[in-house]
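Here is the structure we will look at.
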Amino acid sequence: MGEPLLIRASLLNPVGADHWVFYRDGGLLVHEGRILCMGPMSEFRQQKVSAMLELDSLLVPGFVDVHIHWVQHHVRGRFQSDLMEWLRNHIWPEEIEFDNELFARRHAQTFFHDTTRAGTTLGMAYSSPHVRALEIAASEAIGDWVLGNSIMEKAAPEPLCRASPDNADQVAPLLKKLGHEHYAVTPRFALNCSAELMRELGDLARRENALIQTHLSESLNEVREIREAFPEAQDYTDVYDRAGLLGPRSVLGHCIHLSPREHETLARRGAWIAHCPSSNEALDSGRMDLQAVRRHGIRYALASDVGAGPSHSMLHVMQRFLAQHRDAGVDVNAREALYHATLAGAECLGRDDRAGSFAPGKRADFVELPLPDRRGGPDHWFESLLAGEARDLEERPLRTWIGGSPVDLGQEEDGDDWPPLG
Ligand code: GUN
Ligand code: ZN
């Protein structure tokens with residue numbers, strides 16, 4: 001079935017939060033979409049290959065975005081205000097439009113084009129509540145995606161609540177249809193769901209070992225509203241814990257305003273945090289307490305949270321991660337940023353056996369970046385690639401490879417130039 005392809009390039013391979021392996025002159029041997037091996041080029045001299053490709057580039061594993069709203073892509077970064085006001089005035093009215101299948105398909109195509117262009121090869125995304133929009137996104141996906149339609153039975157515009165499943169029996173068939181690898185049970189956040197509905201969803205997810213995604217403690221106003229809506233719970237985290245929604249397959253967006261008790265609960269349950277630094281800056285939500293998260297040993301992966309996040313570029317997310325925590329005097333470095341934007345994300349989504357780093361047997365999904373200024377070590381190299389405005393960073397990857405081939409994205413499309421829907 002053909003000979004392997006040897007790709008010669010500089011390689012940066014995340015291994016852990018504080019460790020990566022760097023080959024200035026590296027080789028990556030790829031066969032039938034998978035990685036056979038990687039190492040310094042000197043180890044490949046004797047290798048029998050059908051082809052060798054020499055790239056004047058830096059290769060890193062495909063980026064992983066564990067929390068993004070594909071239905072908010074074309075309104076990303078437009079509004080800056082309090083979370084609850086932003087949702088009610090801007091985001092929910094926008095999501096109502098995804099009832100229209102043509103609108104949904106066009107937006108799905110643009111979303112996957114743009115995220116792939118920016119180097120994201122694996123991700124987990126929120127859809128609007130509409131089942132058809134979810135199915136359309138699943139059919140248009142490029143790369144490996146987990147999707148979930150936002151479940152919202154109350155405290156939101158009536159068309160969204162009407163479109164949403166309001167019991168677990170309506171969710172189970174979606175899990176079956178998209179499959180466990182590609183569907184996440186998605187109670188949008190506790191303000192949109194009753195305790196009873198969340199309990200049903202928690203039971204379903206546990207029974208099926210499904211991924212769960214939701215939002216936790218993003219803004220202070222949200223926390224205040226939660227306290228009023230769930231007086232029986234000790235705190236926001238307890239609302240989800242009582243519903244059985246916290247476990248190693250749960251991915252909780254934001255987790256900013258948490259008490260030590262809540263951090264302890266997340267650590268005990270083995271739940272993941274989707275850390276969204278660029279979104280948290282944009283909505284002035286606050287800074288996730290990275291030191292507390294580290295101290296409690298809570299696992300986290302980076303995410304753009306588009307549309308609150310202004311850009312789907314994980315290079316931009318890494319830039320804001322480093323800047324935000326450094327501003328607060330917290331020690332962070334490029335290795336930690338890259339690990340949490342790749343391998344940690346794959347671990348979070350249960351895909352680290354096949355994605356997130358260069359290792360034998362994994363998919364050959366990677367991002368080709370321009371070679372930076374050759375002075376200094378890899379930390380300097382990588383950080384220089386994170387400099388720039390969001391739009392520059394979205395276009396910085398030279399190419400995105402999925403399954404051992406560069407993705408052909410065809411003509412650049414711009415969703416804003418479409419003719420109006422008639
Ligand atoms: N909380 C509930 N829904 C949303 C959303 O769409 N975006 C963000 N950032 N937070 C939320
Ligand atoms: Zn979100």
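Go through the range 12-21 residue by residue and turn each phi into a ³J(HN,Hα) via Karplus (6.51, -1.76, 1.60, θ = phi - 60°); whole Hz please, and just put x for glycine and proline.
The phi angles translate into 10, 10, x, 10, x, 4, 10, 8, 9, 10 Hz.
Taking 0.36 nm per residue of sequence separation and subtracting the Cα-Cα distance, how much length would be gained by fully extending the chain between E389 and V330, in nm to one decimal?
Fully extending the segment from E389 to V330 adds 18.9 nm.
Give the calculated FRET efficiency between A323 and R268 to the nearest 0.05, with a Förster radius of 41 Å applied to their Cβ-Cβ distance.
Efficiency, rounded to the nearest 0.05: 0.85.
After finding the eigenvalues of the alpha carbon gyration tensor for the range 288-330, what semi-axes result from the square roots of 5 times each, listed largest first in whole Å?
20, 13, 8
Assuming R0 = 35 Å, can you tell me the calculated FRET efficiency for the pair A195 and H380, based on Cβ-Cβ distance, to the nearest 0.05?
0.10
About its Cα centre, what dipole magnitude does the range 195-295 give when the only charges are +1 on Lys and Arg Cβ and -1 on Asp and Glu Cβ, stated in debye to the nearest 20?
480
How much length would be gained if the chain were fully extended between E97 and E181, taking 0.36 nm per residue of separation minus their Cα-Cα distance, in nm to one decimal?
Contour length minus Cα-Cα distance gives 27.5 nm.
Taking H as built 1.01 Å from N, whose amide H comes closer than 5 Å to the amide H of K362, not counting residues under 5 places away?
When sequence neighbours closer than 5 places are left aside, the close amide H contacts are I35.
Quick one: Debye curve from the C-alpha atoms of the range 137-269, no solvent, what's log10 I(q)/I(0) at q = 0.15 Å⁻¹?
-0.70
Just name one of N333, G376, L5: the one whose Cα is farthest towards the positive end of the charge dipole of the chain (beta-carbon charges, Lys/Arg +1, Asp/Glu -1).
Working it through, the farthest residue towards the positive pole turns out to be L5.
Which of the GluC sites (Glu not before Pro) across the range 110-188 are loop residues per DSSP, with 16 or fewer other Cβ within 10 Å?
Answer by residue number: E181.
I'd like the orientation of helix 131-140 relative to the chain: the angle between its Cα long axis and the longest Cα principal axis, in ° from 0 to 90, rounded to 10.
With both axes taken from Cα atoms, the answer is about 0 degrees.
Charges at C-beta only: +1 for Lys and Arg, -1 for Asp and Glu. How large is the resulting dipole of the chain about its Cα centre, in Debye rounded to 20?
1180
Taking the alpha-carbon set of the chain, what are its Rg and Dmax in Å?
21.0, 69
Taking H as built 1.01 Å from N, whose amide H comes closer than 5 Å to the amide H of G26, not counting residues under 5 places away?
Under 5 Å from the amide H of G26 lie the amide H atoms of A9, S10, L11, M41, each far enough along the sequence or on another chain.
How far is helix 314-327 tilted off the main Cα axis of the chain, in degrees rounded to 10, range 0 to 90?
70
Does anything in the range 276-291 have its amide N under 15 Å from the 7 Å Cα→Cβ label point of N221, and if so which residues?
The answer is 282-286.
Across all directions of projection, what mean area in square nanometres is found for the Cα convex hull of the range 1-95?
If I average the Cα hull's projected area over directions, I get 10.1 nm².
Angle, helix 220-229 long axis vs. longest principal axis of the chain, Cα atoms, 0 to 90°, nearest 10?
40
Considering only C-alpha atoms, what is the centroid distance from the range 205-246 to the range 126-167, in Å?
Taking the Cα centre of each part, the range 205-246 and the range 126-167 sit 19 Å apart.
Counting other Cβ atoms within 10 Å, keep those with at most 16, restrict to DSSP loop, and tell me which trypsin sites (Lys or Arg not before Pro) in the range 110-185 are left.
In loop regions of the range 110-185 (DSSP not H, G, I, E or B), the sparsely surrounded trypsin sites (Lys or Arg not before Pro) are K154.
Would you look at the GNM of the chain, springs on alpha carbons closer than 10 Å, and say which of R326, R105, R399 moves the most?
Checking each option, the largest mean-square fluctuation is seen for R326.
Can you list the residues of the range 131-153 with backbone N under 20 Å from a point 7 Å past the Cα of A229, pointing along Cα to Cβ?
148-153
Rounded, prolate or oblate for the range 294-422? Axes are the square roots of the Cα gyration tensor eigenvalues, ordered a ≥ b ≥ c, and the cut-off for rounded is a/c under 1.5.
Rounded.
Sorted by mean Cβ packing within 10 Å, highest first, what order do the peptides 301-307, 374-380, 347-353 take?
Result, highest mean Cβ count within 10 Å first: 301-307, 347-353, 374-380.
Could you work out how far apart the two model spin labels at R207 and A172 are, taking each label as a point 7 Å from the Cα in the direction of the beta carbon, and quote it in nm?
The two pseudo-label positions are separated by 0.4 nm.
Would you mind getting me the FRET efficiency between S81 and E158? Use the beta-carbon distance for r and R0 = 22 Å, nearest 0.05.
Computed FRET efficiency for S81 and E158 comes out at 0.45.
Share of Cα-Cα pairs in the range 22-172 beyond 18 Å, in percent?
66
Hey, can you grab everything whose amide H is under 5 Å from the amide H of N149? Only 5+ residues off in sequence or another chain; H modelled, so Pro and N-termini drop out.
S127
All of the numbers you see were taken from the coordinates with simple rules; none came from a lab. All values reported here derive from a predicted model rather than from experimental measurement. Cβ coordinates were reconstructed from backbone atoms using ideal geometry, including for glycine residues, and neighbour counts include every protein chain displayed.
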